[in-house]
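Participant: Once you've had a glance at the structure underneath, I'll fire off some questions.
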Amino acid sequence: MSKSPIIEVHNLTVLYGRKPALWNIDFELPEKKVIGIMGPNGSGKSTLLKSIMGVVSPTSGFTKVYDQELDDVRYKVSYVPQRQDIDWDFPASVWEIVAMGRYQKRGLFKKLTSEDKDIITDSLEKVNMLGFAKRQISQLSGGQQQRVFLARAIAQQGDLFLMDEPFAGVDIATEEMIIALLKDMKDAGKTLVIVHHDLHTAQSYFDHLVLLNTRLIASGPTNEVFTDKILTDTYGGRLTTISKISQELENKEFPIRHK
Amino acid sequence: MINIWEHIATFFSVENYTLFVVALGSGILCFAAGVVGTFTYLRKRALIGDVISHSVLPGVAIAFMLTGVKSPVYFIIGAILSGLLSIWIVDYVQAKSKLKPDTILALTLSVFFGVGIVLLTKIQHSGNAAQSGLDSFLFGKAASMGIWDVQLFSIIAIINVICIALFLRGFSLISFDENYAKGLGFNISFLKAFLALLTVVTVAIGVQAVGVVLMAALLITPAAGARFLTNSIPKMLSFAGLFGFLSGIIGVVISYSGTGMPTGPWIVVVLSIFALTSILFGKKRGVFARMKLRKSNNVKINNENVLKDIYKLAEDGTKTISISDLVEKEKYPLNKVKGILNRLEKDDMIDQIRGLIILSDQGRIGAREVIRKHRLWEIYLSKYFQLDVDHVHDDAEGIEHVITPEIEKHLIKLLEHPETDPHQSKIPY
């Protein structure tokens, strides 16, 4: 694989206040794979995804997508935020939410074309939600909400998908549907980066794993990094050295970097 | 209140010029506030409206101290600047400190308001003859509205409508999910700042008419009511604007119908009546709509229960039974049973002839359906809930009415088309 990586994360540090959420993360991800980002609660998984998407700005370091600044290749990247972060009691229909996926192409002002509407219809069909197009989003179950978010990402027609916990709190039917969809997408040459927390399914779902616990524990093909030693490093012992240092930084107002 | 109709007549005849101007001005102002306030509401920033309206006070006072004249233009500029400053402080402190949002809002509001009151008091004691009337910012003075104000309110209303129509997509995006909007590459700082500017300008201009305390209600109440009427943002905007406009006019007309009745508070009272009515009578989300739904569910439950009992008493619908047989078995009182029977007859489920009940074909099918759902659910419970056979009946009594045809199909498939329930009774397909 002499090609350049699809995502490059270089010495990335993100602080919330003074507390590091990510500390000196450095890795590269290969193309056309299903990639899992795993780690315990509060290990910075979502923050990593948000940094790559430019939603959170790094304190130091940088991320690159397709070897370019994100802004130059944003149209190739589809983001699926965490379903639970959102208040679903919002006055909008399923169709309107999926239509947001087309706003990137059309901008804030241009009307959606019939081509856009075809794409929205297709996307809804792919996640078996076409029958729900006119439904209010407040009436959806957790699994249906997740399907809507997936459809919205598909409607963006990107090549790289960043998904934050798409399997959290969904029913088995939805989980199986998503897995089948991911496989199809991978076969179609897409790259899928997925924040996930269930260790049991990790091996069967992912080709490549990134294991995080504020710092990077490992990044590599699943069969190489899914070892007892690495998993213990990632999940074992809540009070790691890193968390002790983080607490000091926060409580005593030390800077992590001198400017 | 007695001569309210007379006042309405006067209003429409445009004989009373002052009343006309004040009512129109208030209506337009409340319309403008309702429209822009819809997004304040959707972004769950209802309290920010309170913060802004209280925070314009020091700006007004400082504008007067610097210029020494009572010019609306200077007041509005001062109000806008200090309103914007308050929003900026709220956002900045929220990003940089560990304080909770409600603490930050409460603190910002009281600090700005406190400073404003101190400055106003200082001005009042300064002996400047022009100062009288500055306290109208506290409680509002809609009655002093002139045609100039109406023009100003109209301009703001038009600007709000145009900007919101233009930026509907952007404002909706940041209201639903800021992070996603940012991920799409939109400049959400600009969108947020622009929306904040529209809100602050509207508040700054409205405060003089209704006062700092009531201005926040003009932003939030129309949207809160409108939310119960619709699930679409454009419709919500229209309802909120309409509620605002009507409340403004009605509030003024009511306040003019009695001596010494305050205008601002009446507007807010009318607005609250609109909102309350929507909350109660909203077609889908309203309180009564939900009560009605519960009631129709009860009717369905009663009908199905009685139908089922008739079927069983009549030995699977083969025999004819009398009403007294049925009443003996039912937990309902006689009157209620008769009511239910009449409903069933109306639905062609049964016929009643001289105290006898005869099941129709349709009734037989209906009863079998209820029994089938009941037994399917019993099997499901014993299989998937690990419940003993004698524990499944009560639960199934309730759920048999809830199962939809789709769920029934799903259950039959899941349970692999079972023949008998856990009590070895046959399942009627």
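Participant: Would you please name the residue that is farthest from residue B:140 (Cα to Cα), looking only at residues in segment B:66-80 that are touching a residue at least 40 places away in the same chain (Cβ under 8 Å) and of a type outside the set (A, V, I, L, M, F, W, C)?
Facilitator: The qualifying residue farthest from residue B:140 (Cα to Cα) is B:68.
Participant: Does residue B:186 satisfy the criteria of being surrounded by fewer than 21 Cβ atoms within 10 Å (Cβ to Cβ), assigned to a helix (DSSP H, G or I) and either facing another protein chain (nearest Cβ under 10 Å) or without any contact (Cβ under 8 Å) to a residue 40 or more places away in the chain (or both)?
Facilitator: no
Participant: Now for a different question. Please work out which residue is farthest from residue B:210 (Cα to Cα), limiting yourself to segment B:137-183 and to residues that are aromatic (Phe, Trp, Tyr) and away from chain A (no Cβ under 14 Å).
Facilitator: B:148
Participant: Please work out which residue is surrounded by the fewest Cβ atoms within 10 Å (Cβ to Cβ), limiting yourself to segment B:61-113 and to residues that are under 33 Å from the mean Cα position of the chain (by Cα) and not in a helix (DSSP H, G or I).
Facilitator: The residue in question is B:98.
Participant: Let me ask another. Scan segment A:133-167 residue by residue and report those that are more than 11 Å from chain B (Cβ to nearest Cβ) and out of contact with any strand residue (DSSP E or B) (no Cβ under 9 Å at 6 or more places or on another chain).
Facilitator: Result: A:140, A:141, A:142, A:143, A:144, A:145, A:147, A:148, A:151.
Participant: Another one. Restricting to segment B:285-301, count the residues that are among the small types (Gly, Ala, Ser) and in a helix (DSSP H, G or I).
Facilitator: Of the residues in segment B:285-301, 2 are among the small types (Gly, Ala, Ser) and in a helix (DSSP H, G or I).
Participant: State all residues of segment B:382-403 that are surrounded by 19 or more Cβ atoms within 10 Å (Cβ to Cβ) and without any contact (Cβ under 8 Å) to a residue 40 or more places away in the chain; if no residue qualifies, say none. Don't jump to the end; show me each part of the working.
Facilitator: So in segment B:382-403, the residues surrounded by 19 or more Cβ atoms within 10 Å (Cβ to Cβ) come out as B:392, B:396, B:400, B:403.
Those that are surrounded by 19 or more Cβ atoms within 10 Å (Cβ to Cβ) and without any contact (Cβ under 8 Å) to a residue 40 or more places away in the chain: B:392, B:396, B:403.
Participant: Go through (1) in contact with a helix residue (DSSP H, G or I) (Cβ under 8 Å, 6 or more places away or on another chain); (2) surrounded by fewer than 20 Cβ atoms within 10 Å (Cβ to Cβ); (3) over 26 Å from residue A:203 (Cβ atoms) for residue A:60 and report which single condition fails.
Facilitator: (1)
Participant: Quick one: which residue in B:246, B:334, B:307, B:271 is in contact (Cβ under 8 Å) with a residue 60 or more places away in the chain and more than 30 Å from residue B:21 (Cβ to Cβ)?
Facilitator: B:307
Participant: Within segment A:11-58, which residues are within 14 Å of another protein chain (Cβ to nearest Cβ) and of a type in the set (Ser, Thr, Tyr)?
Facilitator: A:16, A:46, A:47, A:51, A:57 - these are the residues of segment A:11-58 that are within 14 Å of another protein chain (Cβ to nearest Cβ) and of a type in the set (Ser, Thr, Tyr).
Participant: Within the bounds of segment B:309-327, is there any residue that is surrounded by 18 or more Cβ atoms within 10 Å (Cβ to Cβ), small (Gly, Ala, Ser) and more than 22 Å from residue B:34 (Cβ to Cβ)?
Facilitator: yes
Participant: Pairs only if they're at least six apart or on different chains, beta carbon under 6 angstrom, first in segment A:92-108 and more than 7 Å from every other protein chain (Cβ to nearest Cβ) and under 15 Å from residue A:146 (Cβ atoms), second part of a loop (DSSP other than H, G, I, E, B) and among the aliphatic types (A, V, I, L, M); list them, first residue then second.
Facilitator: A:94/A:133
Participant: Still on this structure, please answer the following. How many residues does segment B:415-429 contain that are under 13 Å from residue B:368 (Cα atoms) and of a type outside the set (D, E, K, R)?
Facilitator: 4
Participant: With the structure loaded, tell me whether residue B:406 is loosely packed, with under 15 Cβ neighbours inside 10 Å, more than 45 Å from the chain's Cα centre (by Cα) and without any contact (Cβ under 8 Å) to a residue 12 or more places away in the chain or whether it fails that test.
Facilitator: Answer is no for this residue.
Participant: Here is a list of conditions, (1) of a type in the set (A, V, I, L, M); (2) assigned to a helix (DSSP H, G or I); (3) touching a residue at least 12 places away in the same chain (Cβ under 8 Å), and residue B:134 meets all of them except one; can you say which number that is?
Facilitator: For residue B:134, the exception is condition (2).
Participant: Would you mind finding the one in A:194, A:217, A:245 that is buried (at least 17 other Cβ atoms within 10 Å of the Cβ) and farther than 25 Å from residue A:143 by Cβ?
Facilitator: Step by step, each of A:194, A:217, A:245 is checked, and only A:217 is buried (at least 17 other Cβ atoms within 10 Å of the Cβ) and farther than 25 Å from residue A:143 by Cβ.
Participant: Also, quick follow-up: Scan segment A:54-63 residue by residue and report those that are farther than 11 Å from residue A:12 by Cα and out of contact with any Leu (no Cβ under 6 Å at 6 or more places or on another chain).
Facilitator: Correct list: A:55, A:56.
Values in this text are rule-based calculations from the coordinates and carry no lab data. Please read all numbers here as calculations on a predicted model, not as lab measurements. Don't worry about glycine lacking a Cβ; one is built from the backbone with ideal geometry, like all the others, and counts go over all protein chains shown.
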